[in-house]
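Please read the structure below before turning to the comments.
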Amino acid sequence: MRRGRRLRGDDLPVRADINVTSLVDVAFVLLVIFIITAPILQGGVEVNIPRGDIKPLPSALEPFFVTLQPDGMVFVEQSGLTLQQFEESFPQLAAAGTFERVYIRADSLAKLGELMRVMTTVDLTGKPFALVAEQRDPLR
């Protein structure tokens, strides 16, 4: 005989199904975060490279990019510098670096004088360099 007290679990049914609502919510949140951050993590500096009849870069070499933007900013890989800072610091970087060739990516709207200063700075280090362009569309 029981008096007012129930034993634990006497009247509660056992449920064997799994509630996946919170799991789906977390999965969707992670998916949205990934969709938003993926373009940011792509890397590189955005420039409008001129088009021309060119050969592709050799894949054997590890590319080292110097990018010149229209506003005069110079990016060494991902690090932004003014043109004067680039001229002062690049010789030390080239002496300490293990890269063999410098690829200069200049925006098509960059000033020719600034491009010449970048090319001269790289040339004074003794490192070979090449200008980067995009392949022209064959239909044009």
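The values are calculated or read from the model by the stated rules, or taken from the named source; none is laboratory data. The structure presented is a predicted model; accordingly, all values stated were derived computationally and were not measured. Every residue, glycine as well, gets a Cβ built from its backbone with ideal geometry; the counts of neighbours run over all protein chains shown.
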Looking at PHE86, PHE90, which one is touching a strand residue (DSSP E or B) at 6+ places or on another chain (Cβ under 6 Å), within 19 Å of VAL47 (Cβ to Cβ) and of a type in the set (A, V, I, L, M, F, W, C)? PHE86
Would you check which residues across the range 92-110 are within 15 Å of VAL76 (Cα to Cα) and touching a residue at least 60 places away in the same chain (Cβ under 8 Å) and list them? ARG105, ASP107
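Could you tell me which of the residues VAL122, VAL132 is among the hydrophobic types (A, V, I, L, M, F, W, C), modelled with pLDDT of 85 or more and under 22 Å from ASP71 (Cα atoms)? Even if it seems obvious, please write down each step before you answer.
Numbers: VAL132 fails: modelled with pLDDT of 85 or more.
Being among the hydrophobic types (A, V, I, L, M, F, W, C), modelled with pLDDT of 85 or more and under 22 Å from ASP71 (Cα atoms) holds for just one of VAL122, VAL132, which is VAL122.
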Here are some residues: GLY113, GLY126. Which one is of a type in the set (Gly, Ala, Ser), touching a residue at least 12 places away in the same chain (Cβ under 8 Å) and either farther than 19 Å from PRO63 by Cα or exposed (fewer than 11 other Cβ atoms within 10 Å of the Cβ) (or both)? GLY126
